[in-house]
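K.L.:
Could you have a look at this structure, given as structure tokens, before my questions?
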Amino acid sequence: MILVDSSVWIDYFNGQHTAATDFLDQALGQSDLIIGDLILTEVLQGFKQDKDFNIAKTLLSSLDIHSLLGQNIAIKSAENFRFLRKRGITVRKTIDVIIATYCIENQINLLQSDRDFQPFAEHLGLMLLPYGQ
């Protein structure tokens, strides 16, 4: 199972060719890709044109959509943030803490191109696919 972060979806929909978007393009329809509800919101809110919004909504809604945040993940996310902060690492976006924690707790691979995920891999066991670094 692979959770695809908004950093990859945004590049994908903007036509950026990166290792991560190439992997995503090949994985669509072939691999067990999932999207988080918060990622779905983050990606869809960025579209300016209704036509592009509707195309993306159709594609993304065809994936298995996971609810990323509940009480347990909320508390564990705060613990992970504090763990990293005590080591001098501050993650810039709360949503990235939630995504990383969800993947760690559920043993899900993360396809991403956002440097904020690296400390989670180095210190907390997040499984990053070797793309988009």
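The numbers here are math on the coordinates, done by the rules we state, and not lab data. Here the structure is a predicted model, which is why all the values come from computation and not from measurement. Every residue, glycine as well, gets a Cβ built from its backbone with ideal geometry; the counts of neighbours run over all protein chains shown.
K.L.:
Suppose every K and R has +1 on its Cβ and every D and E has -1 on its Cβ; what is the size of the dipole of the chain about the Cα centre, in Debye to the nearest 20?
P.N.:
Dipole of the chain, to the nearest 20 debye: 560 debye.
K.L.:
Got a sec to turn the phi values of segment 40-52 into Karplus ³J(HN,Hα) couplings, 6.51 cos²θ - 1.76 cosθ + 1.60 with θ = phi - 60°, whole Hz, x for Gly and Pro?
P.N.:
3J(HN,Hα) across segment 40-52, in whole Hz: 4, 4, 4, 6, 5, 5, x, 7, 8, 9, 4, 4, 5.
K.L.:
Got a sec? Which residues in segment 35-76 would a label at Ile89 touch, if it sits 7 Å along Cα→Cβ and we count backbone N under 20 Å?
P.N.:
In segment 35-76, the label zone of Ile89 (backbone N under 20 Å from the point 7 Å along Cα→Cβ) covers 73-76.
K.L.:
Out of Ser31, Val8, Ala78, whose Cα points farthest toward the positive end of the dipole of the chain (charges: +1 Lys, Arg; -1 Asp, Glu; placed on Cβ)?
P.N.:
Ala78
K.L.:
Dividing the Cα radius of gyration by the Kirkwood radius, what Rg/Rh value follows for segment 1-80?
P.N.:
Here Rg/Rh amounts to 1.00.
K.L.:
Now for a different question. By how many degrees, 0 to 90 and rounded to 10, does the Cα axis of helix 94-106 deviate from the longest principal axis of the chain?
P.N.:
Helix 94-106 sits at roughly 80 degrees to that axis.
K.L.:
Now for a separate question. Would you calculate the volume per residue, in Å³, of the smallest convex hull containing every Cα atom of segment 2-133?
P.N.:
Per residue, the Cα convex hull of segment 2-133 comes to 99 Å³.
K.L.:
Show me, for segment 55-68, the HN-Hα J-couplings you get by feeding each phi into the Karplus relation (A = 6.51, B = -1.76, C = 1.60, θ = phi - 60°), rounded to Hz, glycine and proline as x.
P.N.:
5, 5, 4, 5, 4, 5, 6, 7, 7, 6, 9, 9, 7, 7
K.L.:
Kindly express, to the nearest 10 degrees and within the range 0 to 90, the angle between helix 71-86's C-alpha long axis and the longest C-alpha principal axis of the chain.
P.N.:
60 degrees
K.L.:
Further question on the same structure: Relative contact order (percent) for segment 2-124, with alpha-carbon contacts under 8 angstrom and 6 or more residues of separation?
P.N.:
This gives 35 percent for segment 2-124.
K.L.:
Can I ask one more? Calculated from DSSP H runs of 4 or more alone, at -39500 (n - 2.57) each and per residue, what is the 222 nm mean residue ellipticity of the chain, nearest 500?
P.N.:
It comes out at -16500 deg cm²/dmol, rounded to the nearest 500.
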